[in-house]
Amino acid sequence: MTDRGASTRDDAFSAARPWRHRGRRRVLTGALVATALVVLGPTTVPVASAAGTTAPGPLVRGVSGARFGVHTPIRVVTFNGPTYSLAVGLANHTVDGTLERPSVMCRTTPGCVAAVNGDFFDVTPRGAIDPGDVVGGIIQDCVLLHTPQISHQEVNLDQHTVSQGFNWSSTLEVNGSAVAITAVNQELPMRYPGVDLPLAGTLLYTPAYYIATPWAPGWTTYRFAQVDPTVSPTTLNATASLQFVGSLAHATHVAPGEVVVVAPVGSPLAALAPGATASLTTTSSAGCDVLGGHPILLENGVPAVVSRADTYMWQRFPRTVLGWTSTGSTVLMTVGGTDERAGATAGQLIRILQSLDVVTAIDLDGGQSTSLFANGRVVYHPGRVERPVATALLVLRTPAASGTT
């Protein structure tokens, strides 16, 4: 596979992580406001944003990584207290469908004052209808939007914690039988360099992702209508009522107000008649706002041991990191660079983070996807233009704080 305009490296951090990147784009709309200070090294630079009322975002400052062997620009956004919060940003606000950059996701999200790129994502072949899909799990506003494609680390944005896996369960009750869901909104089957995973289990799709449901000989696509189309069908720790519409012997896109289940021939769903009812129960203790990343760098002050096989983390690359200090401050950090030549290794990242009193941290997507948007402007990206991505991490100003000057 080839990425559109990406480097040959394309952020593959090990043989176990063979996916590539791709992104989405959307027309720039909205405006951020006022003037804020961006501190780059020893110089304080005023950064003008779009005209409007005064509502500056968090401070962006530069730090030196020279004593850790890093000689590329390092930018840090730090905030604490109730003024700002973190949120998952989705390309086109539905992840798949169009191309979008972190700055665009921020500009089109009310209250957003800063953004960085989010989780790693894979690529579909050039010319394919559907864009690439994110790799880790996504929970947004207590709705499960995506389950991990492969083993992937996760970060709980609300609880400021990281985890090695993704805790979730989803079950469809039909005619007295419980049908376990094995994937939600994944782009399956997975076929990337070094990975060829067939369809497996029972797969569920909602309108949240505009990806075609998969299909293969021996599989059937079952369409359900949501009884209450105003409630997300995969709301955590809740049960949604569904009504069976009919079956298809091919792939399809999920229409608004529908849920589509792809299951092997002979599953309990085969006995359903149009109009029959079913219930979908989704549970998770992972939190209400969760995003994937790789790897965990620090956890409760303990540095991670990064495998030598994880070549992406042992080499120098541009980086994007999310972490929290011992006093609870949130830290977003980008490290500039050039793929495989300049930037930071995992060890250098950890030492820089420790110098900033960060005790828990996870590495997000990096390389050419590294991007920092703050206070109305793109502060950093390593390429000629800011790269489209699948997800972003947004800094939102709280509604109460938005009314202040």
Item to complete: Under 1.5 on a/c is rounded, so check that first for the range 122-255, then, if it is not, pick prolate when a/b is larger than b/c and oblate when it is not; a ≥ b ≥ c are the square roots of the alpha carbon gyration tensor eigenvalues.
Response: oblate
Discussion item. I'd like the Karplus ³J(HN,Hα) series for the range 140-155: coefficients 6.51, -1.76, 1.60, θ = phi - 60°, whole numbers in Hz, and an x wherever there's a Gly or Pro.
Written reply: 10, 6, 6, 10, 6, 9, 6, 9, x, 6, 9, 3, 8, 7, 9, 10
Item to complete: Return one quarter of the surface area of the convex hull spanned by the alpha-carbon atoms of the range 221-311, equal to its mean projected area, in nm².
Response: 9.6
Worksheet entry | Burial ordering of C106, C142, fewest other beta-carbon atoms within 10 Å first | C142, C106
Response to the item:
Stretched fully, the stretch from W314 through Q354 gains (0.36 nm per residue minus C-alpha distance, one decimal, in nm) 12.6 nm
Worksheet item: Do any trypsin sites (Lys or Arg not before Pro) in the range 298-405 lie in a DSSP loop with no more than 16 other beta carbon atoms within 10 Å, and if so, which?
Response: R308, R341, R384
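Each reported figure results from applying straightforward, stated rules to the coordinates on display, with no laboratory input. Please read these numbers as outputs of a predicted model, since none were measured by experiment. We place every Cβ from the backbone using ideal geometry, glycine too, and count neighbours over all the protein chains shown.
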